[in-house]
1. Restrict the check to the range B:64-78 and report whether at least one residue is without any contact (Cβ under 8 Å) to a residue 60 or more places away in the chain, within 10 Å of the chain's Cα centre (by Cα) and under 20 Å from A:Arg35 (Cα atoms).
2. Which one of the conditions (1) at pLDDT below 95; (2) more than 7 Å from every other protein chain (Cβ to nearest Cβ) does A:Glu60 fail to meet, given that it meets all the rest?
3. Which of the residues spanning the range B:1-24 are under 23 Å from A:Val32 (Cα atoms) and part of a loop (DSSP other than H, G, I, E, B)?
4. Taking into account only those residues within the range B:16-36 that are of a type in the set (A, V, I, L, M, F, W, C) and in contact with a strand residue (DSSP E or B) (Cβ under 6 Å, 6 or more places away or on another chain), which is nearest to the other protein chains (Cβ to nearest Cβ)?
5. List pairs: first residue in the range B:1-14 and facing another protein chain (nearest Cβ under 7 Å), second residue in a loop (DSSP other than H, G, I, E, B) and not hydroxyl-bearing (Ser, Thr, Tyr) anywhere in the structure, Cβ distance under 8 angstrom, at least six positions apart or on different chains.
6. Can you pull out the residues in the range B:37-53 that are of a type in the set (D, E, K, R) and more than 7 Å from chain A (Cβ to nearest Cβ)?
7. Please work out which residue is farthest from the chain's Cα centre (by Cα), limiting yourself to the range A:25-63 and to residues that are polar (S, T, N, Q) and part of a strand (DSSP E or B).
8. All but one of (1) modelled with pLDDT under 95; (2) crowded, with 19+ Cβ neighbours inside 10 Å; (3) among the aromatic types (Phe, Trp, Tyr) hold for B:Tyr12; state the number of the condition that does not hold.
Number of protein chains: 2
Amino acid sequence: SLIQESPEGDKYIDLGKKKRATVRSFKGSTFVDIREFYGDTEQSMKPGKKGISLALDQWEVLRSSASAIDELFAAEQKKK
Amino acid sequence: SLIQESPEGDKYIDLGKKKRATVRSFKGSTFVDIREFYGDTEQSMKPGKKGISLALDQWEVLRSSASAIDELFAAEQKKK
């Protein structure tokens, strides 16, 4: 499975380059937190300052905009 | 189209709640920057501190993990 679990029990997807998408609940709402981590070992990884939490509705917009974002990437590559 | 353009010419998707996914190039690489903005009018919106930039390969992992993230959201909702 793509889904991994931190020592604290948080479920996340490893995006590479020490970035993770972690789904967690906070004050009764669920968020996906896309964030940089630091640390030398899997067990010692800590969340860094760079990151953002998206509520379900914002995640759904991002998810459904995937093709548009792909197009923007392609347009930027073409400029080079 | 979902794609909007800032006064600076950056192309972005409005995720709601003043969050945007902006695709831009920097030092020869292209990133999608998912970030909070602040400001009262469309013309005066400025990027805030909360956000993260994903390179194309990290974006592609996030994109292809969309179903797994949806499952994690559903699992968190069930806990309530």
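The values are calculated or read from the model by the stated rules, or taken from the named source; none is laboratory data. Small disclaimer: the values here were computed from a predicted structure and weren't measured. Neighbour counts are summed over all protein chains in view; Cβ atoms, including those assigned to glycine, are modelled from backbone coordinates with ideal geometry.
1. Scanning the range B:64-78, I find no residue that is without any contact (Cβ under 8 Å) to a residue 60 or more places away in the chain, within 10 Å of the chain's Cα centre (by Cα) and under 20 Å from A:Arg35 (Cα atoms), so the answer is no.
2. (1)
3. B:Leu2, B:Lys17, B:Lys18
4. This residue is B:Val23.
5. What qualifies is B:Ile13/B:Leu2.
6. Residues satisfying the conditions are B:Asp40, B:Glu42, B:Lys46, B:Lys49.
7. The first filter runs over the range A:25-63 and keeps only residues polar (S, T, N, Q), leaving A:25, A:29-30, A:41, A:43-44, A:53, A:58.
Then keep just the ones that are part of a strand (DSSP E or B); that gives A:25, A:29-30, A:53.
On the way: A:Ser25: 15, A:Ser29: 17, A:Thr30: 14, A:Ser53: 8 Å.
Taking the candidates together, the pick is A:Ser29.
8. With respect to (1) modelled with pLDDT under 95; (2) crowded, with 19+ Cβ neighbours inside 10 Å; (3) among the aromatic types (Phe, Trp, Tyr), B:Tyr12 is out only on (1).
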